[in-house]
Amino acid sequence: MGRVWLRGRDIMNVPRIMKAIASLKLMKFFPGDEDACLALADDLAAMATTEEQIEWTVRRVRNLYSEWPGIHEVRAVFCSRFKPRDGINAYSAQFIDGVPPERAVPEPAPRALPPGHVTADVELNAAVQEVFTARPVRRLWWASGDVPLSPNFQPITQADIDRAVSESREKRAQEALKDDAPKDAA
């Protein structure tokens, strides 16, 4: 069928357009009859200037929607990237903030503070610096790694642990013997 006129518009490759539209038949609720496909081809040809724009729009609609969204949403997807040739703009009713971008926009990495600053707020940073220069900060023993030792400090050894385990087992065994002993009848 090659390149033909489509309702008096610029020359477009109708088989190529119909092949792209045929892929929409995979969507739930798509009106797959020939008249509906021709009407959609006519609407897309009115919006687009090239077959590539139509193919992109069809691919994007398939990626964004699980069910046939209707011609208005198709036009909104087209308008999210291209200026429609017929001048009719559309905005998505399903995506309130606009049609999502094709690629996720990465969030900018947070900027690091300059050395010696505790906040990006200039006034607050100056106040913090003033407090720390007015009062010297004492070194905290847990921050320095030096643990203050008592003069009577004795470290726990493995022998101490073994002795405690043995004593605990003996105590439990004696309590079990007391519980099993016959009670004297009074």
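Computed from the coordinates by the stated procedures, all read-outs in this text should not be read as laboratory data. Because the structure is predicted, anything quoted here is derived from the model rather than measured. FYI the Cβ positions are ideal-geometry reconstructions off the backbone, even for glycines, and counts take in every protein chain you see.
Here are the numbers for the structure shown:
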item: Length gained when the stretch ASP43-ARG81 is fully extended (0.36 nm per residue, less Cα-Cα span); result: 12.0 nm
item: Proximal aspartates and glutamates relative to LYS19, as straight alpha-carbon distance under 18 Å, when same-chain residues fewer than 8 apart are discounted; result: ASP33, GLU34, ASP35, ASP42, ASP43, GLU51, GLU52, GLU55
item: Charge sum, other residues only, whose C-beta stays under 13 Å from GLU34's C-beta, Lys/Arg counted +1 and Asp/Glu -1; result: -2
item: Which of VAL74, TRP56, ALA39, positive extreme of dipole for the range 3-79 (C-beta unit charges); result: TRP56
item: Compactness of the range 3-79 as Cα Rg over 2.2 N^0.38 Å, two decimals; result: 1.00
item: Computed lengthening from LYS19 to ASN152, 0.36 nm per intervening residue step minus Cα-Cα distance; result: 39.0 nm
item: Residues ASP97 and ASP33, FRET efficiency given R0 of 30 Å [Cβ-Cβ distance, rounded to 0.05]; result: 0.30
item: Extension gain, THR133 back to ARG172 (0.36 nm per residue minus Cα-Cα distance, nm); result: 8.0 nm
item: Relative contact order computed over the range 3-79 (Cα-Cα under 8 Å; 6+ residues apart), in percent; result: 32
